[in-house]
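One structure below.
The values are calculated or read from the model by the stated rules, or taken from the named source; none is laboratory data. Computed from a predicted model, the values in this text were never measured in an experiment. Cβ: placed from backbone, ideal geometry, glycine included. Neighbour counts: every protein chain shown. Ligands, DNA and RNA are excluded from the accessible area calculation, which covers all protein heavy atoms including side chains. Shrake-Rupley method; radii C 1.70, N 1.55, O 1.52, S 1.80 Å.
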Amino acid sequence: RDQAPFSLCILDIDHFKNVNDTYGHQMGDYVLEKLASILKSQSRKEDIVARYGGEEFILLLPNTDSSDATAIAESLRQFIASSTWEIGSITVSIGIATFEATDIDITLLEKADQALYASKEQGRNRVTHIMDLSEKLL
């Protein structure tokens, strides 16, 4: 509405099914709760954190362009990977899209999801902005 940039991140816990299968659903729930807590504590006041499905979270970043969104997501990814988890290591893959004039809610979500899929395809525990994929296609 005010033409300010904003970005959308989708975070997915890498190999989360293994957590539930190996340690049980109570530990899986604990990991989800701890990740939510980390996301909230590491986010800016204006950011919005929400759970989006099983082991996915969304982070809305108001007033954030693509380069700032990528820096924020990379910082979060590193913080999560270096955090102490009772079950060893937990990592996340992150996909990002920054709103463009041609976007609507569903296209922005689809772009972030495509970027997330690329992060997972490229080995997980990484951040991909949809613009990174577009640049590779040129």
Q.
Just the residues that are under 11 Å from the mean Cα position of the chain (by Cα), under 15 Å from Ile96 (Cβ atoms) and in a strand (DSSP E or B), please, taken from region 30-60.
A. Val49, Glu56, Phe57, Ile58, Leu59, Leu60
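Table: residues versus (1) of a type outside the set (Gly, Ala, Ser); (2) on the phi < 0 side of the Ramachandran plot; (3) open to solvent by less than 20 Å² (accessible area, probe 1.4 Å).
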{"site": "Gly88", "(1), (2), (3)": "no, no, no"}
{"site": "Ala97", "(1), (2), (3)": "no, yes, yes"}
{"site": "Glu100", "(1), (2), (3)": "yes, yes, no"}
{"site": "Asp105", "(1), (2), (3)": "yes, yes, no"}
{"site": "Arg124", "(1), (2), (3)": "yes, no, no"}
{"site": "His129", "(1), (2), (3)": "yes, yes, yes"}
{"site": "Asp132", "(1), (2), (3)": "yes, yes, no"}
(Q) Can you find, within region 78-110, the residue that is farthest from Gln3 (Cα to Cα) among those that are in a helix (DSSP H, G or I) and touching a residue at least 60 places away in the same chain (Cβ under 8 Å)? (A) Leu109
Q. (1) modelled with pLDDT of 95 or more; (2) open to solvent by 90 Å² or more (accessible area, probe 1.4 Å): which one isn't true of Val31, the others all being true?
A. (2)
(Q) For region 22-46: of the residues being free of Cβ contacts under 8 Å to residues at least 24 places away in the same chain and hydrophobic (A, V, I, L, M, F, W, C), which is farthest from Arg77 (Cα to Cα)? (A) Leu32
